[in-house]
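Input: a single structure, listed below in structure tokens.
The values are calculated or read from the model by the stated rules, or taken from the named source; none is laboratory data. Just so it is clear, the structure is predicted and the values come from calculations on it, not from any experiment. Quick reminder, even Gly has a Cβ in these numbers, built from the backbone with ideal geometry, and neighbours come from all protein chains shown.
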Amino acid sequence: MSEEVVTTPEELLENEDDGIYKPPPEKTIEEILEIDQDDESLRKYKETLLGEAQVGPVIVEPDNPKKVILKRLVLVVPDRPEVSLDLTGDLSKLKKETFIIKEGISYRMRIEFIVQREIVHGLKYIQKTSKLGVTVDKITHMVGSFAPNSAIQSYTTSPEDAPFGMISRGTYTVHSLFTDDDKNEHLKWDWTFEIRKDWKD
């Protein structure tokens with residue numbers, strides 16, 4: 001029986017900075033709208049980009065001070081029903097809800113979230129996968145920058161292939177972190193998936 005591995009946000013972010021890229025200084029929506037007012041094409045572009053945020057503050061959940069509110073993590077497999085993890089409740093229960101993945105299949109992950117209050121720059125999803133306490137994979141998905149919007153927004157990863165073969169089968173623990181260029185921790189959670197020979201094994 002292996003010991004449970006606890007991953008801190010700092011460990012998930014390790015090696016994310018290459019020392020070259022520096023995020024731009026954070027600006028409020030009002031500051032962005034005030035810049036280059038005499039440039040008509042730029043003004044229209046910013047209005048399109050900001051959408052309803054230019055009219056006034058977009059606050060979807062007034063009691064939630066966060067700018068980014070994670071809703072669901074969804075497993076997307078062609079010709080299969082979607083399976084999702086609810087990220088709005090007790091995150092400690094997610095380790096008991098195991099995704100079943102057939103070995104060798106192609107799949108995507110979709111992250112659904114709300115952005116409120118202010119623009120968020122450089123959202124990224126970092127995932128570290130372990131089996132029997134040993135890290136087997138770490139991947140960073142660059143999600144992008146988002147203006148506040150009352151509708152749920154989403155990001156879907158590129159297709160990935162599940163490992164194949166008897167050695168690859170078993171249960172994996174995933175440490176997930178949704179962060180941004182300013183290293184704000186929007187949500188951190190652990191979950192599990194199991195690779196099987198077939199969906200019903």
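Answer yes or no as to whether Ser176 is in a loop (DSSP other than H, G, I, E, B) and in contact (Cβ under 8 Å) with a residue 12 or more places away in the chain.
Here the answer is no, as Ser176 does not meet what is asked.
In region 99-132, how many are more than 26 Å from Val68 (Cβ to Cβ) and in a strand (DSSP E or B)?
5
Kindly provide the set of residues from region 133-161 that are modelled with pLDDT of 90 or more, in a loop (DSSP other than H, G, I, E, B) and either more than 30 Å from Ile59 (Cα to Cα) or of a type in the set (D, E, K, R) (or both), ordered by number.
Across region 133-161, the qualifying residues are Ser158, Pro159.
Sort out which residues of region 145-167 are surrounded by fewer than 19 Cβ atoms within 10 Å (Cβ to Cβ) and touching a Lys or Arg at 6+ places or on another chain (Cβ under 9 Å), and write them in order of number.
Ile152, Ser154, Tyr155, Thr156, Thr157, Ser158, Pro159, Glu160, Ala162, Pro163, Met166
Identify, from the list Leu75, Leu85, Leu94, the residue that is under 29 Å from Phe164 (Cβ atoms) and in a helix (DSSP H, G or I).
The unique qualifying residue is Leu94.
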